[in-house]
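Taken together, the values in this text are just the output of simple stated rules run on the coordinates, not laboratory data. Quick caveat, the model's predicted, so the values are computed rather than measured. Don't worry about glycine lacking a Cβ; one is built from the backbone with ideal geometry, like all the others, and counts go over all protein chains shown.
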Amino acid sequence: MCRPKKKALPYDQVSALEKKMTTNDKESIISLQNLQVYYMVGGGLFSEPKFVKAVDGVSLDIKKGETLGLVGESGCGKSTLGKAILRLTEPTGGQVFYHGNEITNISQSAMRENRKHLQMIFQDPYASLNPRMTVGDIISEPIRTFGLSNGKSASEKVQELMETVGLSRRFIKRYPHEFSGGQRQRIGIARALAVDPEFIVADEPISALDVSIQAQIMNLMEKLQAEKGLTYLFISHDLRAVRHLSDRVAVMYLGRIVELADGKEVYRDPLMPYTKALISAVPVPDPEIEATRERIILKGDVPSPINPPGGCPFHTRCQYAIPDCKTIVPKLVEIKPNHQAACIRISAEHPDIDDNVKMSLGVAGN
């Protein structure tokens, strides 16, 4: 059964069975297996080397045609993970598969061919655009680089792309500084679309924009996905934006995925204490509900990725932590159908951590 188009049927009206079939029956376009990105920051000839573990053993599948939201606090490794998938940052270990073919260790020339299908929208729309190039040159650069078109046909394609993302053709000779933030981000999106990619990493594409412009960019991304069958990895710290766009949501903490579920399910029934705290920080538009709602305040700061805590990386800030959390590394396992979490205090038999605490249940799963 094919996934219903968003225009034909609102998300909230899709049944749980339909969602399960539409998400899980699709092939994986990107598969990660124990992906690691470490940066050496210390050590030498006579001292032990030190590493920042920006991405620490991430295994994940991204289905064709879906939007996978990736959320977490600043510094948790979200952007590094996105760049490692595209090999803009070289992985330290693990594997990345594109349609079942490993791309982690292939040559630069072979990876160059894959870049036609794997593109990125950057966080800062101004910093990612060459100020010395016109909009026409910026958008046509990947077209010329991959030899997809040239001359008049390339110019026509650039103008078509500009109209696709909501920019007038007459702006083709203008420079990036002559545009607003939202318009610059549209230029970045047009550049990513220039080579007709299949998969796009959107690295916080709306974080530097005003709220009204954010809505325009999200609507544009939805429209392009419906028209071109795109697959997104949507990276953001804005949980409201992730909820609006994502089919599934992965929650990241200190370089690891700690929860993965359908987009609506993770907000309706979060399992991990960390996810509960993140969602509690999202404002509710109803002032009466907001006034009575209790926010979960996490204690302390995010531990250093140079010297992460043993066992569960979240135990230093978790109100439910027990001594075993300091020694047992939790695995990301399925707790409910299509809902995975990494916590030793919950299991498929005992999925509610608050109930487990009331029952004085220690290690529920591993």
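Close Lys pairs in segment 217-333 (alpha-carbon distance under 22 Å; sequence gap of 8 or more, or different chains): 6.
Let me spell out the model: positive unit charges on the Cβ of Lys and Arg, negative unit charges on the Cβ of Asp and Glu, origin at the Cα centre of the chain. What dipole size does that give, in debye rounded to 20? Approximately 860 debye in magnitude. Here the gap between residue 294 and residue 110, fully extended at 0.36 nm per residue and compared with their Cα-Cα distance, gives a gain of 61.0 nm.
Calculated mean residue ellipticity, 222 nm, the chain: -9000 deg cm²/dmol, from DSSP H runs (n ≥ 4) at -39500 (n - 2.57) each, averaged per residue and rounded to 500.
What does a probe at residue 148 reach in segment 103-125, counting residues whose amide N is under 17 Å from the point 7 Å along Cα→Cβ? Flagged as within label range: 111-122. Put in line by how crowded their Cβ is, counting other Cβ atoms within 10 Å and starting with the fewest, 355, 262 read 355, 262. Straight-line cross-link reach from residue 157 at under 15 Å between alpha-carbon atoms covers these aspartates and glutamates, not counting any fewer than eight positions away in the same chain: 137, 141, 196.
Under 18 Å from a point 7 Å along the Cα-to-Cβ line of residue 134: which residues of segment 154-175 have their amide N that close? Hits in segment 154-175 for residue 134 at 18 Å: 154-163, 167-175. Enumerate the whole-percent occupancy of each 5 Å bin, from 0 to the last occupied one, for all C-alpha pair distances of segment 226-294. For segment 226-294, the binned pair fractions read 3, 14, 25, 24, 16, 9, 6, 2, 1 percent. Per-residue Karplus couplings for segment 256-271, computed as 6.51 cos²θ - 1.76 cosθ + 1.60 with θ equal to phi - 60°, are listed in order as 10, 7, 10, 7, 8, 7, 4, x, 6, 5, 5, 7, 6, 9, x, 9 Hz, Gly and Pro entered as x.
The length gained by stretching the chain between residue 322 and residue 173 to full extension, at 0.36 nm per residue less their Cα-Cα distance, is 47.4 nm. Summary of packing: across the peptides 90-97, 59-66, the per-residue average of other C-beta atoms within 10 Å ranks them, highest first, as 59-66, 90-97. Output the direction-averaged projected area (hull surface divided by four) of the convex hull of the alpha-carbon atoms of the chain, in nm². Computed as one quarter of the Cα hull surface, the answer is 21.6 nm².
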